[in-house]
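Below is one structure, written out as C-alpha cells; the observations come after it.
Quick note: the coordinates plus some simple rules give every number you see, no bench work behind them. The structure displayed is predicted, hence computed values, not measured ones. Cβ atoms come from the backbone with ideal geometry, glycine included; neighbour counts cover every protein chain shown.
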Amino acid sequence: MVTFTRAAAAALLACAVALPATALPAAAATPAPAVSASAPADPAGALRLPPPTGRSGVGASVLHLVDRSRPDPWVPSAGPRELMVTVHYPAARTARAGAPVPYATEEEARLILVGLGKTDPAVIRALAGVGTYSAKDVRPAPGRHPLVVLSPGFGVPRFLLTGLATDLASRGYVVASVDHAYESSGMSVPGRPALTCAACTERRAGRITDTDITAARTADVRFLLDRLTGPRAVATWPYARTIDPTRIGMAGHSVGGAAAATAMVADRRIDAGVNMDGSFWDTLPAGGLGGRPFMFLGTDDEMHRPGGIDTSWDATWKALGGWKRWLTVSGSNHFTFTDAPVLLRGLDVPDRGATIPADRALAVTRAYLAAFFDEQLRGRPQPLLTGPSPLHPEVRFNNP
C-alpha cells in the first residue's frame with residue numbers, strides 16, 4: 001500500500017500535461033451534446049484533463065450518503081459512516097445545458113496542494129475549477145446502463161479518478177466514484193469542515209491494519225449498492241432507475257483495487273473487478289471469485305511483474321479461476337493510473353519514476369478499463385484484451 005506522504009503527493013501531482021487535440025482518439029472528435037460542459041480556464045492554462053472519448057455527453061450528481069447502521073470505523077465519535085459520491089452518467093442528447101461540475105471543492109484542492117507547499121489561492125482555485133466535461137444533474141440518456149464503482153487509493157480523494165469516470169460515462173456507463181470518510185487528504189461534506197485522513201494517522205501508529213481498511217471499504221461499497229439499486233434508490237438519486245443492477249463492476253487504485261477483490265468476495269452483485277496497482281491484502285477463499293472476471297493493471301517493474309516484490313499478485317492470480325488478465329505498463333509509476341500525470345504542469349513537480357507521457361498514461365488506462373467492462377458487462381468481445389496491441393505498445397501481457 002502507498003500512503004499519502006509528501007513524497008506520494010509529489011508523485012501524485014506531478015507532470016500536468018494538457019493533452020493536444022492531435023493525440024486524442026478519433027471518437028473524441030465526435031461532437032458531444034451541449035450538456036458536456038468544459039471548464040473555466042486556469043490562470044496559466046495548464047490545468048486541463050483531456051476530453052472523454054465516448055459519444056455521449058456527461059452528467060454528474062454529487063451525493064452525501066450516511067450509513068446509520070454503523071459508526072465510522074476510524075473516528076467512532078464522529079457518528080455514522082459517511083460517504084461522498086460523484087455519479088457520472090451518459091446524458092440525454094436533448095438535455096438542456098447545465099452548470100459545469102467542479103473538479104473539487106476549494107478546500108479539497110487546498111488540502112491536497114498543501115503537501116507540496118502550494119498555497120497560492122489562484123492555484124487552489126485553478127485546481128478546484130479543472131474542467132470535468134460534465135453538467136450538473138442533467139437528464140440521463142434513455143435506457144439502463146451498467147454501473148461501475150471507482151474507489152481511490154488510501155489517502156487520495158475520489159476526484160483523482162475523474163478522468164476515468166467521465167470517460168466511462170461518455171461510453172454509456174453510470175460511474176460512482178467514492179470518497180471514504182477520514183481516508184483522504186480532504187473530503188468536503190455539507191455544512192462542515194472537510195474530513196481529513198484520520199485513518200492515515202491510525203495506520204501509521206499501528207492501530208489499524210490494511211485488512212481493516214479493505215473491510216471498511218467493502219462495507220461502504222455494499223451500502224452504496226444498496227442505496228443505488230435497492231428500494232431507496234430513487235430517493236438516493238433521482239436517476240437511479242437508469243442503472244442496470246444485473247451489470248455491476250468495480251475498479252480501484254491502490255487499496256481501492258485491493259478492495260475491489262475483497263468486495264467481490266463479500267457481494268455477488270459485483271460481476272467484474274479491476275485492481276490498478278494495489279497490493280492484495282486479503283486472501284481469496286477456495287474457489288477464488290467464483291469464476292467472475294478480474295484484471296490486474298500495474299507498473300511494469302520489479303513490483304508487479306510475475307515473481308515480483310509484491311507477492312500478493314502472484315498468490316491472487318493463482319487463486320482466480322475465471323477470466324483474468326495481468327497487464328503491466330512500461331514507464332509507469334504508482335499514480336500513472338489516476339489523473340496525476342495530466343494535472344498541475346505549472347507546479348514544476350517531477351513525475352518521479354515515470355517515463356510514460358502524461359497523455360499516453362491516461363489514454364492507456366482509459367482504453368483497457370473500457371475494454372474490460374465492455375467485454376465483461378456488455379458481452380462485447382474486445383480484441384484489445386486478447387494480446388499485445390500495436391496501438392498500446394506500452395502494455396505487457398503477463399500470463400504466468
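Points worth noting:
- Amide N proximity, the range 179-193 versus L63 label position 7 Å along Cα-to-Cβ, cut-off under 16 Å: 179-181, 190
- DSSP H segments from the chain that extend 27 Å or more along their own axis, Cα-based, with Kyte-Doolittle mean of -0.5 or above: 210-229, 358-378
- Across the range 286-303, coupling constants 3J(HN,Hα) worked out from phi with the 6.51/-1.76/1.60 Karplus curve, θ = phi - 60°, read 4, x, x, 9, x, x, 6, x, 8, 10, 9, 9, x, 6, 9, 8, 5, 7 Hz, and Gly and Pro carry x.
- Estimated dipole of the chain in Debye, rounded to 20 [Cβ of Lys and Arg +1, of Asp and Glu -1, Cα centre]: 1060
- Here the range 63-136 and the range 183-223 have alpha carbon centers that stand 16 Å from each other.
- Fully extending the segment from T211 to E107 would add 34.5 nm, taking 0.36 nm per residue of separation and subtracting the current Cα-Cα distance.
- Only Lys, Arg, Asp and Glu carry charge here, each on its Cβ (+1 for the first two, -1 for the last two); on that basis the range 108-236 has a dipole of about 240 debye about its Cα centre.
- Oblate is the label for the range 91-212, because the ratio a/c of its alpha-carbon gyration tensor axes (a ≥ b ≥ c) is 1.5 or higher and a/b is not greater than b/c.
- Amide proton proximity set for G59, modelled H, under 5 Å, gap of 5+: Y89, A91, A135
- Residue with peak Gaussian network fluctuation, the chain [Cα springs, cutoff 10 Å], from G252, G98, G153: G98
- Phi angles of the range 97-104 translate, via the Karplus equation with coefficients 6.51, -1.76, 1.60 and θ = phi - 60°, into HN-Hα couplings of 4, x, 5, x, 8, x, 5, 7 Hz per residue; Gly and Pro are given as x.
- Residue (of V175, F294, G331) at the positive-pole extreme of the chain, dipole from beta-carbon charges: V175
- Peptides 112-119, 78-85 ranked from most to least packed, by the mean per-residue count of other Cβ atoms within 10 Å: 78-85, 112-119.
- Label-reachable residues, the range 42-86, where backbone N falls under 16 Å from a point 7 Å from D120's Cα toward its Cβ: 42-48
- Full extension of the chain segment joining S389 with V189 gains 67.7 nm, where the gain is 0.36 nm per residue of separation less the Cα-Cα distance.
- Protection proxy ranking of 279-285, 364-370, by the mean of other Cβ atoms within 10 Å over each peptide's residues and highest first, is 364-370, 279-285.
- Here the Karplus curve 6.51 cos²θ - 1.76 cosθ + 1.60, taken at θ = phi - 60°, turns the phi angles of the range 270-275 into couplings of 7, 8, 7, x, 9, 10 Hz, with x standing for Gly and Pro.
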